[in-house]
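The structure appears right after this line, and notes come after that.
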Amino acid sequence: MPDLNKNVFSWYSPHLEQETHLVRWGHFGKPVLLFPTAGGDAEEVERFHLIGAVGDLIMSGRIKVYSIDSVAGRTWLSGEHSPEFCSRVQNLFDMYIYKEVVPAIRKDCASPDIDIIATGASIGAFNAVASLCRHPDAFSLAIGMSGTFDLSKYLQGRMNDDFYFSSPVHYLPGLKESPLLEALRKRMILLPTGEGRWEDVGESWRLAAILGEKGIPNRVDPWGVDYDHNWVTWRAMLPRYLAEYS
């Protein structure tokens with residue numbers, strides 16, 4: 001296997017109040033923050049060969065890939081906590097990304113203001129899009145593969161502010177003209193999705209309609225019924241889009 005210059009960074013997160021991990025593959029290139037699926041850890045994307053799928057782009061110096069633990073996703077899936085607690089962790093997870101992970105990536109890239117591509121699949125797609133929508137000063141592009149963009153099914157009917165402001169499909173419709181909205185109109189959100197087993201292309205179209213109403217550039221790419229909601233699909237998708245935008 002080629003030398004992908006893998007490195008693991010660990011620190012105690014004051015936002016999440018636990019030890020966290022940031023894994024990096026690559027020597028130089030455009031930084032890409034690759035979110036795991038709902039219950040995944042920072043090395044999930046390597047075990048399921050997504051890093052190998054973009055290995056040529058890493059080796060050629062076009063991208064450096066980073067991944068983190070899915071702290072918020074694990075909290076949602078555990079079934080052990082109230083909707084309010086899970087929503088709070090989701091909001092804190094966003095702050096951890098912006099206040100801790102983004103600075104760590106920029107330090108590793110030796111560039112204090114470099115833009116980052118955010119990507120992921122399923123709930124990882126949610127986190128990628130949510131990160132760009134809240135922080136367009138840090139993220140220039142989101143690639144949300146086979147996205148699960150509405151997590152309100154976990155709320156048991158109890159909407160709360162932490163969840164609302166973490167969820168683009170909920171807060172974007174009410175977003176007024178502002179510097180944030182102006183910044184978002186200079187960014188891009190790609191929504192590729194299969195249409196096979198376990199996929200719901202309607203999630204991507206719903207988000208696209210909300211983004212379009214606000215003038216935020218976006219594109220839905222349906223891949224057809226031969227592409228299911230699984231790693232085979234995402235290993236086909238991610239190299240194509242990173243090659244196009246890196």
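Observations on the structure shown:
- If you go through region 148-185 and keep only what is among the hydroxyl-bearing types (Ser, Thr, Tyr), touching a residue at least 24 places away in the same chain (Cβ under 8 Å) and under 20 Å from Asn218 (Cβ atoms), you end up with Thr148, Ser166, Ser167.
- Residues located in region 38-51, provided they are under 18 Å from Ala236 (Cα atoms), surrounded by fewer than 19 Cβ atoms within 10 Å (Cβ to Cβ) and in contact (Cβ under 8 Å) with a residue 12 or more places away in the chain: Glu46, His49
- Meets criteria (buried (at least 16 other Cβ atoms within 10 Å of the Cβ), over 19 Å from the mean Cα position of the chain (by Cα), in contact (Cβ under 8 Å) with a residue 12 or more places away in the chain and part of a loop (DSSP other than H, G, I, E, B)) for Leu4: yes
- Qualifying position, being more than 20 Å from Met95 (Cβ to Cβ), crowded, with 17+ Cβ neighbours inside 10 Å and out of contact with any Asp or Glu (no Cβ under 6 Å at 6 or more places or on another chain), among Leu132, Leu207: Leu207
- Of all the criteria given as (1) free of Cβ contacts under 8 Å to residues at least 40 places away in the same chain; (2) crowded, with 23+ Cβ neighbours inside 10 Å; (3) of a type in the set (A, V, I, L, M, F, W, C), the one not satisfied by Ala110 is (2).
- Where strands (runs of 3 or more DSSP E) fall wholly inside region 18-131, the ranges with 1 or more residues that are closer than 23 Å to Leu207 by Cβ are 30-35, 63-68, 116-121.
- Total residues in region 217-235, condition over 18 Å from the mean Cα position of the chain (by Cα), assigned to a loop (DSSP other than H, G, I, E, B) and more than 30 Å from Ala183 (Cβ to Cβ): 5
- Count of region 199-216 residues which are of a type in the set (A, V, I, L, M, F, W, C), touching a helix residue (DSSP H, G or I) at 6+ places or on another chain (Cβ under 9 Å) and not in a loop (DSSP other than H, G, I, E, B): 3
Since every read-out is calculated from the coordinates, none of them should be taken as a lab result. The structure displayed is predicted, hence computed values, not measured ones. When we count neighbours, we look across all protein chains shown, and the Cβ atoms used for this are built from the backbone with ideal geometry, even at glycine.
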